[in-house]
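Every read-out reported here was derived from the displayed coordinates using simple, explicitly stated rules and does not represent laboratory data. The structure displayed is predicted, hence computed values, not measured ones. Glycine also receives a Cβ, built like all others from the backbone with ideal geometry; neighbour counts cover every protein chain displayed.
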Amino acid sequence: MAAIILCLIVSCDDNRDFFPTKKGKKINYKISFLDKENNLKEYRQSFIFLSKDKNLFPMLGNDGRVIFFEKNKNGLVIDKTKNIFESFITTDLKDVSSPEKKYLLKFPLKKNNTWENTEKTQLMMKIGYDRVFHTFLPFKMRNEIVDIDDTLNVDGKKIKNCIKVIGIGQTSYNPGPPLGNINIEIRVESWFAPNLGLIKYTREEKADSETMGKIFFDKVMELED
């Protein structure tokens, strides 16, 4: 769930910069996570931009992990060839494995542009009082740019001209009797602001079984005064 590269992402139609970054730049996020038991966890996440490494653009998180991004002719890619977990846009789970590469934004930055990524669920199954299992089920997430001129209210400030991306996915899981088949739906919404980058990210996962329930994750950039 995350700005992202040390160079500029420029749309094909204008000169708006959706990820202006430079070495030493620091960004902070406020994060809230609501688990299946409706317990709310709130914390902060920080990143600082490092020097470009060939065609990769690294960010150092406050948890000590480095996240690499790559810009190519097709868009902005989270590059996992270094076996790095992208805590930038997901929750703080430490052991989620993901595909090596996936697109965060895909060119052209135009409304209705779509692409697919392979993701994994983050819901947990709880059986009884002490049996808890992470799901980590692979599924296809269909992403679509639904707006290129959205306005977002952050801390009382209006952020205009945002790119909004919605990702939708679904999968199912059968743990065996007596539960049977469990269906899971996933919805992600991301906003990318000119001169700021990824400014807001939300993710909801819900299952049609009380053993899994639902989770909700929200990440919002802390704006400078």
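Our summary gives region 26-221 a relative contact order of 16 percent, counting only alpha carbon pairs under 8 angstrom and 6 or more residues apart.
What area, in nm² and to one decimal, does the C-alpha convex hull of region 26-221 cast on average over all directions? It would help to have the intermediate numbers written out before the result.
Values: hull surface 47.2 nm².
For region 26-221, the mean projected area of the Cα convex hull comes to 11.8 nm².
Think of region 26-221 as a dipole: +1 on every Lys or Arg Cβ, -1 on every Asp or Glu Cβ, centred on the Cα centre; then among Gly167, Ile148, Asn39, Ile148 lies furthest on the positive end.
Spin-label model, Glu37/Lys22: points 7 Å from Cα along the beta carbon direction are separated by 4.7 nm.
Explain nothing, just the number: dipole magnitude of region 26-221 about its Cα centre with +1 on each Lys and Arg Cβ and -1 on each Asp and Glu Cβ, in debye rounded to the nearest 20.
On the way: 33 positive and 26 negative charges, 147 e Å.
Computed about the Cα centre, the dipole is about 700 debye.
Among the listed pairs Lys101/Lys164; Lys52/Lys102; Lys30/Lys71; Lys54/Lys106; Lys52/Lys140, a Cα-Cα separation exceeding 24 Å is found for Lys30/Lys71; Lys52/Lys140.
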